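Beneath this line is the structure, given in structure tokens, with notes to follow.
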Amino acid sequence: MIRKNADNRKLQIVLRNGAKISLKGADNKESLRGPTLNGLILDEYADIDRDVFPLILEPNIPSGSNAPVI
């Protein structure tokens, strides 16, 4: 089994190596601030406010990182 546990309330899966996969909505863009991102997948990007990526998400990706942004 790859996953350690899942939390349906937080919409999060924790893998055995400690990595977390989280599902978040952009309707409350301030809730996206915070953790360092090791990767990012954006769905329905056209529906997300234009300032969410450059002002909130992009600063959470480490400088010089090879973190995938899809």
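The values are calculated or read from the model by the stated rules, or taken from the named source; none is laboratory data. Note that the structure is predicted; figures quoted are calculated from it, not measured. Positions of Cβ are generated from backbone atoms using ideal geometry, with glycine treated the same way; all protein chains shown enter the neighbour counts. For the accessible areas, the whole protein counts, side chains as well, though only heavy atoms, and no ligand, DNA or RNA atoms are used. Shrake-Rupley method; radii C 1.70, N 1.55, O 1.52, S 1.80 Å.
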Strands (runs of 3 or more DSSP E) completely within the range 1-45 that count 2 or more residues being within 20 Å of N66 (Cα to Cα) | 20-22
Cβ pairs under 6 Å, 6+ apart, first in the range 42-57 and open to solvent by less than 100 Å² (accessible area, probe 1.4 Å) and at pLDDT 90 or above, second assigned to a helix (DSSP H, G or I) and among the aliphatic types (A, V, I, L, M) = I56/L32
